[in-house]
Structure formats: C-alpha cells, structure tokens
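Student: Questions regarding the structure given below will be posed in turn.
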Number of protein chains: 2
Amino acid sequence: MAGVMSDGGEPGTVRPGGRTARIREAVLRAAEDALTEQGFTGLDLADVARRAGVGKTTVYRRWGTVTGLVADLLADMAEQSAPRTETGSLLGDLMANARLVQRTLTDPRQGPLFKALIAAATGDPKTAAALHRFYDIRVREWAPCVRQAVDRGEVPEGTDTHEVIRAVSAPLYYHLLISGGRLDETMADRAAEAAATAARAGAYVRA
Amino acid sequence: MAGVMSDGGEPGTVRPGGRTARIREAVLRAAEDALTEQGFTGLDLADVARRAGVGKTTVYRRWGTVTGLVADLLADMAEQSAPRTETGSLLGDLMANARLVQRTLTDPRQGPLFKALIAAATGDPKTAAALHRFYDIRVREWAPCVRQAVDRGEVPEGTDTHEVIRAVSAPLYYHLLISGGRLDETMADRAAEAAATAARAGAYVRA
DNA sequence: GTGCTAACGGGTCTCTGGTTCCGTTAACAG
DNA sequence: CTGTTAACGGAACCAGAGACCCGTTAGCAC
C-alpha cells in the first residue's frame with residue numbers, strides 16, 4: 001500500500017505503446033464521422049465503437065460519456081494547426097482567414113461537424129472549455145497579421161488583435177448557427193472588409 | 001370511409017376552447033424552464049410533463065419529439081415581440097440593440113435558454129427553420145433604424161439593412177457560444193460601434 | 001341541461017443506451 | 001524468450017426514455 005501506483009488512473013495513460021494511441025486515433029476518427037453524420041444528439045457511443053472496430057466497453061472506460069469523448073476530440077483537433085497565409089495587407093490577410101473559415105463551414109463534412117461540436121459545448125462546461133481552447137489557439141495563430149497592421153500604422157495602437165480576428169469569424173458563425181443564410185464567398189469578403197474597416201477606425205482599441 | 005375526417009390530425013387544432021390553449025401554455029413554459037436548467041441534452045419529456053402538471057402522454061401525443069416541442073416553443077416566442085427604442089442616431093439605435101441582446105444573453109435564465117435553443121436547432125431542420133424565423137422577425141423589427149440612417153445619408157444607398165443588424169449581434173453570440181468571453185456592456189458597445197462604422201463605410205452594400 | 005367526442009392522463013410494456021463481469025490480448029521489462 | 005499486467009472485448013445485465021391502451025374529463029352544439 002505504498003505510493004506505488006503513483007500518478008492517477010485514467011486508462012490509456014500508462015502504456016502509450018502503439019495500441020493505446022492506435023485505438024485513441026481510431027475512436028476519435030469514428031467519433032468525428034458519427035458527429036458529422038448524426039449530429040451531437042444522435043451520437044451513440046456503441047455506434048462509435050462499432051465504426052472504430054473497437055469494443056464499446058473500451059470507449060465507455062476511456063471516455064465515459066459522450067461529452068467526454070467530444071471534449072477529447074476537440075483537444076485532439078486543437079493540436080493539428082493549419083498554417084496561415086500571409087499577403088502583406090490587413091484586408092488581404094483577413095480575407096484569406098474569412099475564406100478559410102467560410103470554406104470550412106460550408107464543407108459537407110466539416111460544417112456539420114463544427115455545428116455538432118458547438119452544440120455539444122452548450123451543454124457541458126468541460127466541453128465548452130475545450131472548445132474555447134481550440135478557438136483560442138486558432139485566433140492566436142492569426143492575430144499576428146493584425147499586430148503587423150498596427151506596426152505599419154494602419155490600425156491604431158492598443159487594438160485588441162484577437163478581437164479583430166474573432167470579428168471576422170463571428171458573422172460567418174452567426175449565419176451558420178442562427179440566421180441560416182447562404183454563407184458564400186461574398187459573405188466572407190464582407191466580413192473581412194467590415195472587420196478591417198472597423199479596426200482601422202479604432203473600434204477594437206482596448207478600453 | 002368517405003372523406004369525413006377532412007383536415008389532418010394534429011391534436012390541439014380542433015378545439016381551441018380554453019383547455020387546449022391552457023395546456024399548450026403550461027407545457028411551453030415548463031419546457032422553457034427545463035431547457036434553461038437542464039440544457040437541450042438533458043431535456044426529458046416526462047420531466048416537462050411533470051413540471052407542467054400534465055400527463056406525459058399528452059406531451060408525446062401533441063409534440064411527439066423533443067425537437068418538435070422546441071420548434072413549437074420557438075414559434076411561440078416568435079409571437080411576443082419586444083418593442084424597440086428609437087434614439088435618432090444610427091449608433092444610438094445600434095447600441096440600444098446591442099445592449100438589449102447583451103442583457104438577454106447574460107441573463108441567468110435567458111442565456112442558457114438561448115444556448116439550448118440554438119443547440120437544438122443544429123440537429124433538426126424543422127427546429128432550425130423555427131429558429132431562423134424567430135431571428136428573422138427580430139431583425140426585421142430593428143432594420144428600420146438602418147433604413148432611416150440610409151435616408152439621412154449617413155449610410156450609403158443599397159446597404160443591406162438586415163445584415164447590419166445581424167452584424168451587431170454576431171460578435172455577442174460568437175462570444176456566448178464559441179470563444180466564451182465575458183460579454184459585458186463594453187463588448188456590446190464595441191459591437192455596435194464596429195457595425196456602425198462598417199455600415200457607414202459601405203461594407204454592407206448589397207453586391 | 002344533456003349528449004357527443006376530441007383531448008387528457010394513469011398505468012404498463014418495450015426497446016435501447018449504458019454498466020458490469022471476467023476472460024483474452026499485447027506492450028514492455030528483464 | 002518469457003512473465004507481468006494494463007488495457008481490450010464479448011456477453012449478460014439494468015434502467016429509464018418513449019410508445020401504447022383504454023378509461024376519464026371537459027369543450028362545445030343543440
């Protein structure tokens with residue numbers, strides 16, 4: 001009864017030798033597929049297990065609940081970062097970002113997946129935290145282009161660079177989730193232009 | 001076997017004499033409470049029935065599914081319209097709108113409720129349609145203040161008035177659902193200011 | 001007031017997520 | 001190569017959401 005078993009329990013932490021990682025990978029991919037096709041509500045862990053070619057006991061043991069699995073999926077997605085393009089102008093960079101987001105959200109796989117992830121986050125604080133972290137990382141990757149615009153004098157000093165990036169995405173997500181519009185390239189360009197204009201006018205200067 | 005039973009079925013359509021309406025009201029209010037407290041995922045029709053002091057059979061018969069109930073709730077909410085204030089300036093009107101939205105979303109009851117409604121809409125087209133309709137009505141109520149700004153020459157002709165109103169809400173919902181920020185009055189004012197600035201610069205002129 | 005019937009409501013039955021048990025597999029150490 | 005044991009997987013088990021049946025209530029018409 002000494003302190004032998006040291007650090008915690010959480011299956012899948014002790015023996016990271018191939019199998020554990022392989023199964024995690026398979027299950028997360030299966031969860032992605034299931035979420036994409038069935039949405040968050042229709043997500044069934046037994047179904048995920050079947051798709052992954054894995055015993056459902058394994059899924060329940062390692063992730064426990066549906067939201068737990070989704071949270072882990074978000075953590076996994078947060079790792080893989082997509083590189084950003086640089087165009088040299090604020091509007092150009094923001095448009096590149098807006099179009100990337102627009103393409104992602106209208107993609108027949110990614111769109112439904114993101115909807116499902118966001119829906120999952122509304123119901124569970126843990127999942128919400130994972131979602132926030134995911135987006136925080138993405139925002140952080142793009143913020144430098146606003147920083148550069150500040151350095152160029154194109155945007156006032158003291159501007160909240162993260163908030164500018166969020167302002168580009170916001171209308172696109174609003175249409176996806178709430179108003180249900182078309183979400184085409186025109187919308188993306190408009191979102192980027194609006195954000196750039198407001199930023200130049202100092203609307204995002206930190207209070 | 002003649003065509004006697006004429007128009008459809010849908011219980012609750014034939015005898016709108018008090019009871020039907022009373023029960024609908026009680027169930028919708030109970031659903032609101034349940035959604036607020038448990039979120040969309042934790043919504044149980046039997047629980048709703050209990051809260052409403054109504055047999056669960058009734059709920060299943062009239063609404064059938066959880067999403068059906070939510071869709072009806074949205075239709076009901078779409079009826080009651082909150083009046084808008086008029087300040088005479090574009091920025092003033094947009095700020096009034098932004099603060100209204102901000103107060104709604106941070107309200108300990110309304111905030112969770114709206115989250116749940118949006119989550120429900122991601123999974124079911126019928127519910128999504130109801131949600132879109134609800135917001136379309138709200139946007140339509142506020143659009144005139146942008147129209148007036150166009151007439152005053154403050155905003156370019158051809159501006160998509162609805163889109164300007166949506167632009168005010170978008171960042172607030174983005175924070176609520178996705179990035180998870182604080183959502184205070186400063187954010188509301190910033191959202192209004194950004195939208196007003198972009199609108200004046202012609203960012204929302206229809207292509 | 002009285003009869004008709006749409007709509008309600010309690011009780012039961014079912015079916016499917018989710019849990020538990022225990023035998024099997026496969027990383028890793030020596 | 002061989003032993004140890006964390007982690008997997010099949011199968012039986014359990015609980016609770018949702019469907020069904022049928023007797024009861026209450027609008028509404030005459």
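Student: Among the residues of the stretch B:41-53, what is the count of those that are within 9 Å of DNA strand D (Cβ to nearest atom), outside any helix (DSSP H, G or I) and more than 21 Å from the chain's Cα centre (by Cα)?
Tutor: So the answer is 1.
Student: Could we say that residue B:199 is part of a helix (DSSP H, G or I), closer than 30 Å to residue A:127 by Cβ and either in contact with a strand residue (DSSP E or B) (Cβ under 7 Å, 6 or more places away or on another chain) or without any contact (Cβ under 8 Å) to a residue 60 or more places away in the chain (or both) here?
Tutor: Here the answer is no, as residue B:199 does not meet what is asked.
Student: I'm trying to understand the selection: among the residues of the stretch A:77-94, which are hydrophobic (A, V, I, L, M, F, W, C) and surrounded by fewer than 22 Cβ atoms within 10 Å (Cβ to Cβ)?
Tutor: If the condition is that a residue be hydrophobic (A, V, I, L, M, F, W, C) and surrounded by fewer than 22 Cβ atoms within 10 Å (Cβ to Cβ), then A:77, A:78, A:82, A:91 are the ones that fit.
Student: Step by step: first the residues of the stretch B:31-40, then only those that are surrounded by fewer than 17 Cβ atoms within 10 Å (Cβ to Cβ) and within 14 Å of chain A (Cβ to nearest Cβ), then the one that is farthest from DNA strand D (Cβ to nearest atom). Which residue is that?
Tutor: Out of the qualifying residues, it is B:37.
Student: Return only the number of the condition from (1) in contact with a Leu (Cβ under 8 Å, 6 or more places away or on another chain); (2) within 14 Å of another protein chain (Cβ to nearest Cβ); (3) without any contact (Cβ under 8 Å) to a residue 40 or more places away in the chain that residue B:59 does not satisfy.
Tutor: (2)
Student: Still on this structure, I have one more. Just checking, how many residues over the stretch B:54-82 are under 21 Å from the mean Cα position of the chain (by Cα), outside any helix (DSSP H, G or I) and within 16 Å of DNA strand D (Cβ to nearest atom)?
Tutor: Residues flagged as under 21 Å from the mean Cα position of the chain (by Cα), outside any helix (DSSP H, G or I) and within 16 Å of DNA strand D (Cβ to nearest atom) within the stretch B:54-82 amount to 1.
Student: Any residue at all in the stretch B:148-168 that's at the interface with chain A (Cβ under 9 Å from one of its Cβ atoms) and of a type in the set (Gly, Ala, Ser)?
Tutor: yes
Student: Restricting to the stretch A:173-207, name every residue that is more than 8 Å from chain B (Cβ to nearest Cβ), under 12 Å from residue B:170 (Cβ atoms) and crowded, with 24+ Cβ neighbours inside 10 Å.
Tutor: Within the stretch A:173-207, just A:191 meets the criteria.
Student: Looking at (1) more than 11 Å from DNA strand C (Cβ to nearest atom); (2) modelled with pLDDT of 90 or more, can you tell me which one residue B:3 breaks?
Tutor: If we test residue B:3 against (1) more than 11 Å from DNA strand C (Cβ to nearest atom); (2) modelled with pLDDT of 90 or more, just (2) comes out false.
Student: In addition: Does residue B:93 qualify as being within 16 Å of DNA strand C (Cβ to nearest atom), more than 14 Å from chain A (Cβ to nearest Cβ) and either assigned to a loop (DSSP other than H, G, I, E, B) or of a type in the set (Asp, Glu) (or both)?
Tutor: No; evaluated as a whole, the condition is false for this residue.
Student: Name the one entry in A:52, A:34 that is among the hydrophobic types (A, V, I, L, M, F, W, C), in contact with an Asp or Glu (Cβ under 7 Å, 6 or more places away or on another chain), more than 30 Å from residue A:149 (Cβ to Cβ) and within 16 Å of DNA strand C (Cβ to nearest atom).
Tutor: A:34
Student: Taking the options A:104, A:85, name whichever one is more than 12 Å from DNA strand C (Cβ to nearest atom) and assigned to a loop (DSSP other than H, G, I, E, B).
Tutor: Sole residue among the options that is more than 12 Å from DNA strand C (Cβ to nearest atom) and assigned to a loop (DSSP other than H, G, I, E, B): A:85.
Student: Between residues in the stretch B:159-182 that are more than 16 Å from residue A:204 (Cα to Cα) and in contact (Cβ under 8 Å) with a residue 60 or more places away in the chain and residues that are in a helix (DSSP H, G or I) and not β-branched (Val, Ile, Thr), which pairs lie under 6 Å by C-beta distance while being six or more apart or on different chains?
Tutor: Taking only residues 6 or more apart or on different chains, the pairs are B:164/B:195; B:164/B:199; B:165/B:142; B:165/B:143; B:173/A:174; B:176/B:105.
The values are calculated or read from the model by the stated rules, or taken from the named source; none is laboratory data. Note that the structure is predicted; figures quoted are calculated from it, not measured. Heads up, the Cβs are rebuilt from the backbone with ideal geometry, glycines too, and the neighbour counts pull from every protein chain shown.
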